[in-house]
Each structure stands twice: as structure tokens, then as C-alpha cells.
Amino acid sequence: MTTRPTRSLRLTPHLAVASVGYVVFAYAAVPDALMAAYGVGFTEIGLLMSAALAAFVLVQVPAGRLTSQRATTRLLLYGTAAHALLALALDVVSGFAALLALRALWGLAGGFVLSVGATHIARLYSGRAATRQQGLYGGMLTLGGAVGFAVAPALVDSGLLHGFGSGLLHSLSGGLLHSPGAVLAIPALVVLARERDDTLTLPKSGTSRGTFSSTLTLAVALASLCYVAIIASYITLSTFITAYAADLQITGPLNVAVLLTATVGRATGGAAVFQFSIGDPWFIAGATALAAACFAGLAGLGTSPLALLLPVAAMLAVSVPFGAVFSVAADATVHEGAAIAVVVAAGNVAALVLPAVTGALRDATGTYASGFALLAGLNVVAVGAATLLGTNRFSRTHQT
């Protein structure tokens with residue numbers, strides 16, 4: 001008789017990844033406070049995100065190997081504990097160089113949690129239920145980021161960031177920018193410690209190590225192309241939406257709104273696959289086709305006030321297939337952890353490159369049209385990749 005996982009074991013990856021999302025984005029909500037504290041400019045603030053995303057990519061190799069050999073419950077416990085400790089440490093460092101280095105070190109833990117958590121879900125669920133949970137998982141990541149965007153300015157306004165960047169003693173009296181992310185991780189740590197001897201999340205392949213050739217199947221490669229378009233679009237929109245709206249003389253907490261849009265899109269996308277029995281590849285193809293149309297429209301509309309509606313539609317379109325991509329990748333090989341690691345690495349490489357390219361195109365041309373056209377092209381590629389996945393029947397057999 002098969003033992004069913006407890007509700008708390010199912011919830012832990014969602015709780016853990018929300019705390020990771022907080023730390024990823026919280027600092028970006030208060031760039032002026034950080035620049036004043038450390039005496040740096042916008043380039044250095046951008047490096048803080050690049051350092052974390054680069055680490056997300058680098059850690060996927062050991063994450064894929066470890067998940068191919070061990071239960072994800074214990075790995076998630078260790079990774080979440082490291083993430084929480086490093087989040088606390090980010091608030092007690094002195095000097096920008098130390099902050100940048102620690103941000104990169106934290107990125108190794110954060111990226112590890114992201115990949116292991118998705119693998120954890122793939123081992124507890126199957127079929128459409130897995131797609132629904134992966135969508136919710138992605139939504140919790142962006143929800144954590146939205147909380148960070150909402151909370152960080154309040155910390156600044158309340159004076160709790162007084163002395164930030166001035167070292168341990170000052171920080172203990174009030175430099176609490178990243179530490180709330182560690183607090184958010186506590187429920188996950190409590191459950192994971194209690195469930196650390198779980199055997200339900202052992203690898204499907206036993207303890208054998210997946211080689212690169214056995215993991216990088218055609219389906220995983222095609223899923224990675226889809227994820228590249230999705231994450232590049234999501235990160236680029238998140239990065240430039242405020243500046244884009246400013247060109248239209250529109251101001252407000254748009255960064256919070258964008259991440260909430262992504263949260264709703266990811267969660268409802270996974271639920272839609274579950275509820276309406278839509279094949280994962282065809283769902284991805286339809287969503288990315290809509291995204292391509294939205295970005296093409298943005299490239300042609302210029303600075304019309306009506307153009308602000310299209311970024312919201314585009315964000316929804318690139319968010320809803322998040323869970324479906326992870327499900328396709330996990331189902332493509334017995335080494336589901338390594339497959340998810342490949343997809344996460346590919347997406348975060350794109351997330352590193354596309355915002356910089358879009359910014360450079362904006363500087364060179366004076367508009368975002370070229371950047372939007374590039375994103376439209378990427379999503380067209382994703383449509384083709386997803387269509388190939390559907391045609392060749394690489395998707396799940398949709399069991400609940």
C-alpha cells in the first residue's frame with residue numbers, strides 16, 4: 001500500500017520558494033536607499049540582481065546531480081536553511097563589495113531551493129495535478145517578490161533601514177531589508193525538519209546519476225526553449241515596466257502590480273490545465289502565441305497610453321504556461337530533477353542577457369520597440385517548440 005504524502009509535505013516547497021522570491025526582489029524596491037547607503041549608482045544596483053541570477057544558473061549542475069541521487073525533502077531542508085541564514089547575513093555586511101559577494105553566495109542557495117522545490121512537486125504529483133501545483137509554485141515565487149516590493153518601501157519609511165550598509169552593530173539596530181525573507185522561511189523549515197526522513201520524494205530512477213546525454217532529451221531541450229521565452233519576457237517586463245510607464249507619464253507601484261499579475265497568471269494557468277484537461281504543450285503554444293502578439297503590438301504602438309494594457313496582457317500570457325513547462329520537462333526523463341535544473345539554468349541565462357540587451361536597445365533607439373520585437377520573436381520560437389512537443393506527444397499522459 002502506497003503512503004500518501006502529508007498536506008504539510010506538499011506545502012513546503014510553496015512556502016520555501018515564496019521566501020526566496022522575497023529576497024530576490026525586495027532590494028529592487030528601494031534602489032535610492034541602497035545607493036545612498038553604499039554610495040553607488042544604478043549599475044551597481046543592477047549587478048546585485050545579475051549576481052543572484054548568475055548563481056542561480058551555476059548551482060543547477062550540483063542541484064541536478066543531487067536530486068538524481070537523494071530525496072528532495074532533506075535537500076530542500078538544507079537549501080532552505082542556507083537561504084534563510086544568508087538572507088540574515090545580507091543585512092549585516094559592511095560595504096558594497098561584501099554585499100555583492102554575499103548576494104552571489106545567497107543566489108546559490110536560492111537557485112538550489114527553486115530547482116529542488118520544483119523536483120519535489122514532480123515527485124509528489126503526476127499528470128494535470130502536477131501542472132497545477134507547478135503553476136502555484138511559480139505563483140508563490142512571484143508573490144514573495146510582490147511582498148518584497150510592498151514591504152521594503154514601508155521599511156524605509158519607518159526608519160528600519162537606518163544604518164543599512166554600516167556593519168553588524170548598526171544593522172542589528174535596524175537594517176532589516178532581507179531578513180523578513182528568512183522569517184518567511186521558518187514554516188517551511190519546521191515542516192521539513194519534521195519530515196526529513198520522508199521516502200516519498202526519492203528519485204524515480206533510484207540512486208543512479210543522470211548523465212548530460214540521458215537528461216538532455218529533445219523534449220527537455222524544447223521545454224528549455226519555451227522557458228527561455230517565458231522567463232526572458234517576465235524578467236524584462238518586470239525590469240522596465242516602471243520606466244516604460246514613465247514614458248507615458250504614468251506613475252504608481254507598477255512593479256507590485258506586475259508581479260501580482262504574474263502570480264495570478266502562473267496559479268490560474270496551472271489550474272486551467274487541471275480543470276479543462278488541456279495538453280501541456282498545446283497550452284504553452286497558445287499562451288506564447290498570445291504573448292508574441294502582445295509584444296508585436298507593443299513594438300508597433302509606440303507610446304500610446306493604450307499601450308499600457310498590452311504589457312499586462314503579455315505578462316499574463318508568459319505566466320500562465322509556467323507550470324506546464326516544468327511538468328513537460330519533469331516527464332521527459334526519469335532524471336526529473338536534472339531535467340528541471342537544465343530548464344531553470346537556460347531560463348536564467350536568458351534572464352541575465354535580455355534585460356541588458358533591451359536596455360541597450362532603448363539607449364540606442366530611444367524607444368522600447370526593438371526590445372519588444374525581440375521578445376515577440378522569442379515567443380514565436382516558443383510556439384514552434386511547444387508545437388513540436390505536442391506533435392511528438394512528449395507531454396504527460398495527464399493522470400490526476
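Annotations for the structure displayed:
- Accessible area in the full protein assembly, largest first, 1.4 Å probe, for L58, L259: L58, L259
- Centroid-to-centroid separation of segment 179-193 and segment 274-289 [C-alpha atoms, Å]: 33
- Taking only protein heavy atoms and a 1.4 Å probe, the accessible area of the chain is 68% carbon and sulfur.
- Gaussian network model of the chain, springs between alpha carbon atoms under 10 Å - residue of A314, A386, A296 with greatest fluctuation: A296
- Sequence of I235, I186, I230 when ordered by accessible area, the most exposed leading, probe 1.4 angstrom: I186, I235, I230
- Å² per residue, accessible surface of the chain at 1.4 Å: 38
- Among (i) 20; (ii) 31; (iii) 23, the entry that matches percent of Cα pairs over 36 Å apart as calculated here: (i)
- If you sort R132, R70, R194, R103 by accessible surface, 1.4 Å probe, largest first, the order is R194, R70, R132, R103.
- Highest to lowest packing among 236-246, 281-291, scored as the average C-beta count within 10 Å: 281-291, 236-246
- Rounded to the nearest 20, the size of the Cβ-charge dipole of the chain about its Cα centre is 1240 debye, with Lys and Arg at +1 and Asp and Glu at -1.
- Cα centroid separation - segment 113-137 against segment 219-237, whole Å: 17
The values are calculated or read from the model by the stated rules, or taken from the named source; none is laboratory data. Please read all numbers here as calculations on a predicted model, not as lab measurements. FYI the Cβ positions are ideal-geometry reconstructions off the backbone, even for glycines, and counts take in every protein chain you see. Side chains are part of the model used for accessible areas, which takes the heavy atoms of the whole protein and leaves out ligands, DNA and RNA. Shrake-Rupley method; radii C 1.70, N 1.55, O 1.52, S 1.80 Å.
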